[in-house]
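Here the structure is laid out as structure tokens; the discussion comes afterwards.
Nothing in this text is a laboratory measurement; each read-out follows from the coordinates by a stated rule. Since the model is a prediction, treat every value here as computed from it, not as a measurement. Glycine also receives a Cβ, built like all others from the backbone with ideal geometry; neighbour counts cover every protein chain displayed.
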Amino acid sequence: MQLESLSWFPGHMTKTRRMITAEIGSMDAVCEIVDARIPLSSRNPDLDELTAGKPRVVALNRVDQADPNMTKRWAAWFRAQGCAVIEVDAKSGAGVKQFAPAVRTLLSEKIAAYEAKGQVGRILRVMVLGIPNVGKSTFINKVSGRKVAKAEDRPGVTRGKQWVPVDKTLELLDTPGILWPKFEDVDVGIRLAFTGAIRDEVVDIEELAMKLMDYLGAHYPDALTERYKITVEDGEDGWALVEKAGRKRGFLISGGEVDTERMSRILLDEFRGGKLGRFTLETPPEDANA
Ligand code: G4P
């Protein structure tokens, strides 16, 4: 699902809010799925308020595409915020087995309290939330081991909220409605566009590629050397690197100028396709010098 195809209008948000608010009271915990490459930009800014202090498991998804060292740092950061954290590649299923134990550890006091009241084996309920394209359906399918239809709330689609069993005493709630990212923040929009969560028709390809090169040049210069056989010199900005890479690839137009648009498309395609390597595009807030 592409973000820009959704209708970001207040009515829609109100509806989603209402659905979450109506169900949250009967939940034991919330599972927030984020994109490990952009763990903050892929969050919903109102989740804390909407989930009213419920215990939270953060699933850092797409770890297969993220920088493994940064994933460790992000996991530590989320833990420091009081969340349980699992590192997952929902597509292959790697890491999903950690989910049920993570929930039970997180809720151990609550489980003990249920048992003290004689409610042994009481079913734990977890609401799964995530912005579009983060991998929510893939995650639910892998964790539950079944093919679950998407909970949707669109004209002509009547599937509403659905319960998805994980095991005998653990159930997921998948709600329809669309959880929005912090789309009023330009940098958030750009990071979502880097990952392909926003379709390229709505962004300027060359500007996007330049910004991506800026980041890669500053944080992952070796990957650029490896893939494009270019070296990153001090003070060289993203635009210079796009031109350099394009020239190296022989993407020239009349007059010997570099076809920067072609190079920009190639860069974004190769980045998203994992051909450049695994990258994380945000650092945890306290990592000032990262
Ligand atoms: P959503 O419900 O949150 O909107 O997302 P969905 O599960 O539909 O996933 C969006 C796309 O991201 C899918 O790719 C899915 O396979 C992919 N994806 C989800 N989790 C991961 C992950 O951990 N790693 C990687 N590499 N990809 C992931 P698609 O191309 O739209 O579909 P498909 O052809 O892969 O099925």
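If one takes the longest principal axis of the Cα atoms in the chain, at what angle in degrees, from 0 to 90 and to the nearest 10, does the Cα axis of helix 260-272 lie? Approximately 30 degrees, to the nearest 10. For V166, nonlocal amide neighbours, meaning residues 5 or more places apart or on other chains whose placed amide H falls under 5 Å from its own, are E171, L172. The three principal axes of the Cα atoms in the stretch 1-108 give end-to-end lengths of 40, 36, 24 Å, sorted in falling order. What the pair-distance distribution of the chain shows, using all Cα-Cα distances binned every 5 Å from zero, is 1, 5, 11, 15, 16, 15, 12, 9, 6, 5, 3, 1, 1, 0, 0, 0, 0 percent.
For the chain, the longest principal axis of the alpha carbon atoms and the long axis of helix 68-80 meet at an angle near 40°.
Quote the relative contact order of the stretch 3-174 in percent (integer), defining contacts as alpha-carbon pairs under 8 Å separated by 6+ residues. Write out the running numbers ahead of the final one.
Working: 263 pairs, mean separation 38.5, N = 172.
Over the stretch 3-174, the number comes to 22 percent.
Taking amide H as placed 1.01 Å from N in the peptide plane, I230 has its amide H under 5 Å from the amide H of T225, each at least 5 places away in sequence or on another chain. Between helix 10-24 and the chain, what is the angle of the helix's C-alpha long axis to the longest principal axis, kept within 0 to 90° and rounded to the nearest 10? Tilt relative to the chain: about 40 degrees. Using the Cβ-Cβ distance between K275 and K110 with R0 set to 41 Å, the FRET efficiency works out to roughly 0.35.
In plain terms, the chain from A80 to H219 could stretch by 47.6 nm, reckoned as 0.36 nm per residue minus the Cα-Cα distance. Largest GNM mean-square fluctuation among Y215, Y228, Y114, using the chain with Cα springs under 10 Å: Y114. Reducing the stretch 4-81 and the stretch 193-213 to their Cα centroids gives an inter-centroid distance of 23 Å. Exposed loop sites are taken as trypsin sites (Lys or Arg not before Pro) in a DSSP loop (any state but H, G, I, E or B) with at most 16 other beta carbon atoms within 10 Å; the longest stretch of the chain without one runs 1-90.
Rounded to whole numbers, the Karplus 3J(HN,Hα) couplings from phi for the stretch 249-255 are 7, x, 7, 10, 10, 3, x Hz, using 6.51 cos²θ - 1.76 cosθ + 1.60 with θ = phi - 60°, and x at Gly and Pro.
If you average the sequence gap of Cα pairs under 8 Å that are 6 or more apart and divide by the length of the chain, what percent do you get for the contact order?
Answer for the chain is 20 percent.
S144: net charge of surrounding residues, Cβ under 13 Å, Lys/Arg +1, Asp/Glu -1, itself excluded? Mind dumping the intermediate values first?
Working: positive: K97, K136, K142, R146, K147, K168; negative: D167, E171, D174.
Cβ neighbours under 13 Å give a net charge of +3.
Run through the DSSP bridge list for the chain and note the antiparallel percent, rounded to the nearest 5.
Values: 9 of 28 bridges.
That works out to approximately 30 percent antiparallel.
Taking amide H atoms as placed 1.01 Å from N in the peptide plane, the amide H of S42 lies under 5 Å from those of D35, each 5 or more residues away in sequence or on another chain.
Could you work out the Rg to Rh ratio of the stretch 233-290, with Rh taken as the Kirkwood radius (inverse of the mean 1/r over all Cα pairs)?
On the way: Rg = 14.5 Å, Rh = 13.3 Å.
Looking at the stretch 233-290, the ratio lands at 1.09.
Volume per residue of the convex hull around the Cα atoms, evaluated for the stretch 54-140, comes out as 100 Å³. DSSP beta bridges fully contained in the stretch 117-216 are about 55 percent antiparallel.
Rounded to whole Å and sorted largest first, what semi-axes of the equivalent ellipsoid does the C-alpha gyration tensor of the stretch 36-77 yield via the square root of 5 times each eigenvalue? Can you show the working numbers first?
Numbers: eigenvalues 96, 23, 13 Å².
Semi-axes, largest first: 22, 11, 8 Å.
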